[in-house]
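Colleague: Below you'll find the structure I mean.
Readers should treat all values here as calculations from the given coordinates under stated rules, not as data from a laboratory. All values reported here derive from a predicted model rather than from experimental measurement. Because the Cβ atoms are built from the backbone with ideal geometry, glycine has one as well, and the counts that use them run over all protein chains shown.
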Amino acid sequence: MVLASGVAHELRTTVTPVVIAQLPAVLRLVRESGGEHLVLQRARNDGTDAAFAATLPPDWPARFDHAAAWATEVGSRLDLEVRVRDA
């Protein structure tokens with residue numbers, strides 16, 4: 001609906017450790033739905049409750065960077081521009 005509206009928009013997803021495993025499906029779905037751009041933002045533990053913060057491992061920024069680089073590469077093969085934005 002948004003893609004067909006002609007209204008300027010940004011498709012964005014906040015990436016958590018759980019979402020990393022779902023990135024292949026997210027990329028395919030966005031592209032198959034007509035999306036040309038996707039912005040990934042890293043989940044952060046500041047401003048969240050303790051339970052969520054505990055799900056982010058100490059090396060989370062590095063894991064996110066690795067996943068984002070992979071998604072950017074795969075996105076280019078799907079003709080999908082993937083960008084990274086700080087959350």
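Colleague: Considering only DSSP states other than H, G, I, E and B, which GluC sites (Glu not before Pro) in the chain qualify as loop sites with at most 16 other Cβ atoms within 10 Å?
Modeller: In loop regions of the chain (DSSP not H, G, I, E or B), the sparsely surrounded GluC sites (Glu not before Pro) are E10, E36.
Colleague: Relative to the first principal axis of the alpha-carbon coordinates of the chain, what is the inclination of helix 60-77, with its axis defined by its Cα atoms, in degrees from 0 to 90 and to the nearest 10?
Modeller: Helix 60-77 sits roughly 10 degrees off the main axis of the chain.
Colleague: Looking at region 2-85, I'd like the Rg to Rh ratio, where Rg is from alpha-carbon atoms and Rh is Kirkwood's inverse mean 1/r.
Modeller: Reported Rg/Rh, Kirkwood definition of Rh: 1.01.
Colleague: About its Cα centre, how strong a charge dipole does the chain have in debye, to the nearest 20, once Lys and Arg get +1 and Asp and Glu get -1 at the Cβ?
Modeller: 80
Colleague: Ok, one more. Per residue of the chain, what 222 nm ellipticity follows from adding -39500 (n - 2.57) for every DSSP H run with n ≥ 4, rounded to the nearest 500?
Modeller: -14500 deg cm²/dmol
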